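Below is one structure, written out as structure tokens, with a few remarks after it.
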Amino acid sequence: MNTVDLHTLTGAYALGALSEHEAAEFSRHLAQCEACTQEVRELQETAARLALAVAEVPPADLRIRVMAALPEVRQLPPIRREATVVPLRRRARHRLPYLAAAACLVIAAVAGGLAVNARHDADQQRDRTVRAEEQAAAVSALMAAPDATFHTTAFKGGGSGTVVASKRRGQAAFLYHGLPALPSQRVYELWYSRNGTMVPAGLVQPGRSSGTMLLTGGPQGADGVGVTAEPPGGSSSPTSPPLGLLRV
């Protein structure tokens, strides 16, 4: 393996995707190559942020809704009995089955009222998790591609981003960290620069300062990726100066 080949293995090494022999050879290369050492360090930090970015937390409001619904559930009417003097301990023992039955009916009523919503929430959560896992797998495979390139820059106003591209796979991804929140009427939009023409490449999910996304379209013929702030829904061409430019 020559030195040129070794320079292309930073992504695979950062993800632990090399064989034992290749990893040992690349470790010896790192001892002599400051540029690769720095790139591996940045990629490992980015991979760690990527894992956090795709993590999904189950919805936490179901218990709150159940507890809030309890006061609205009608209780069972009192059971009429003949006036008989019964010792307190005995009365308590006889009331336990009815209290248990009433509690079961309350739970059943609440569960019945929330079952549809809970299932809908669960389906949405499952879909989000599946999409996140698929995207994480695609980005991991992209980063491990033999021809993958990594270019990082800081943005005007704060935050930083990395573009990972593989022309062999025809894919590119954008990994971002610490992006400042934009006003509600603006979103971050990415662009491929092709021969001086800016081509839309996707929108960053609003409200997330860190994360990852696959770019729309491939990097073939592009010499860079730009980031601008655009109106909601994005624009067909940039309407503001670029906040950052990255080579592809």
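Structural remarks
- Overall form of the stretch 127-248 per C-alpha gyration tensor (a/c, 1.5; a/b vs b/c): oblate
- Gained length - residue 32 relative to residue 168, 0.36 nm times residue gap less alpha-carbon distance: 46.1 nm
- Scattering curve values for the stretch 188-235, log₁₀ I(q)/I(0), Debye with Cα scatterers, q = 0.22, 0.27, 0.29 Å⁻¹: -0.77, -1.05, -1.15
- Net charge of the neighbourhood of residue 221, taken over other residues with C-beta under 12 Å away and scored Lys/Arg +1, Asp/Glu -1, is +1.
- Calculated FRET value between residue 220 and residue 137, using beta carbons and R₀ = 22 Å, to 0.05: 0.50
- A full extension of the chain between residue 25 and residue 194 corresponds to an added length of 57.1 nm, given 0.36 nm per residue minus the alpha carbon distance.
Quick note: the coordinates plus some simple rules give every number you see, no bench work behind them. Model, not experiment: these values are computed from the prediction. Glycine also receives a Cβ, built like all others from the backbone with ideal geometry; neighbour counts cover every protein chain displayed.
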